[in-house]
Amino acid sequence: MYVYLLVPKEGFTPFIGTLISMFENMTFQVKGNISKFSIKELDHQFDKEANPIGALILHNVSSEKFIQVGTLENRPLNVGEMKFWGPKPKLADPSSKFIKGHEIAYYLNIMNEVRQNKMTALKPKDDEWLLSPDSMFSTPHKPVNKFYRLFHACEHMSNHNGQIKFLKSRLPG
């Protein structure tokens, strides 16, 4: 896998394949940043307002899942999905402070599962679908296409990767 070549991934239409290539690059960067964290490091809070790194990872993945379900399945999360995913997008929510005690493999497995589901769901799609309006997120005054929604998940991951890098640089010891 050549993660620094943003080119269409084989087996997908050009725009979808390029978007997947972008996700592979960002995922490679995030995993490289988090792969060696201990439970103690994942659970560390920089200060009482900061989120633990583990909570940021799940926040990233839950945002990707939320966008994936809304855009690829054109529906909100169901009750069962909300039980697991619901609290994680809201980092200001006190529940984010209690996402603790998990090894890095826990977070990576969830990340890999969400990504694999997205890859499978994107396989039958084409660029016309990707460029079409996203009815779950568009409004008359703010049209949004599916490409933007999926790109936004990648952009979001990049933003929080920077935040995780900052917190990593401030870990004790």
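Below is a table of values for the structure above.
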| quantity | calculated |
| --- | --- |
| Of all residues in region 133-149 being closer than 17 Å to L19 by Cα and among the hydrophobic types (A, V, I, L, M, F, W, C), the one that is least open to solvent (accessible area, probe 1.4 Å) | V144 |
| Tabulated pairs, region 119-134, first closer than 12 Å to E73 by Cβ, second loosely packed, with under 12 Cβ neighbours inside 10 Å, C-beta under 6 angstrom, 6+ apart or interchain | none |
| Every residue from region 135-160 that is part of a helix (DSSP H, G or I), within 28 Å of T13 (Cα to Cα) and touching a residue at least 12 places away in the same chain (Cβ under 8 Å) | K146, F147, Y148, R149, L150, F151, H152, A153, C154, H156, M157, S158 |
| So K36, is it without any contact (Cβ under 8 Å) to a residue 24 or more places away in the chain and more than 23 Å from L122 (Cα to Cα) | no |
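The values are calculated or read from the model by the stated rules, or taken from the named source; none is laboratory data. Model, not experiment: these values are computed from the prediction. Methodologically, a virtual Cβ is constructed for each residue, glycine included, from the backbone with ideal geometry; neighbour enumeration extends over all protein chains shown. Ligands, DNA and RNA are excluded from the accessible area calculation, which covers all protein heavy atoms including side chains. Shrake-Rupley method; radii C 1.70, N 1.55, O 1.52, S 1.80 Å.
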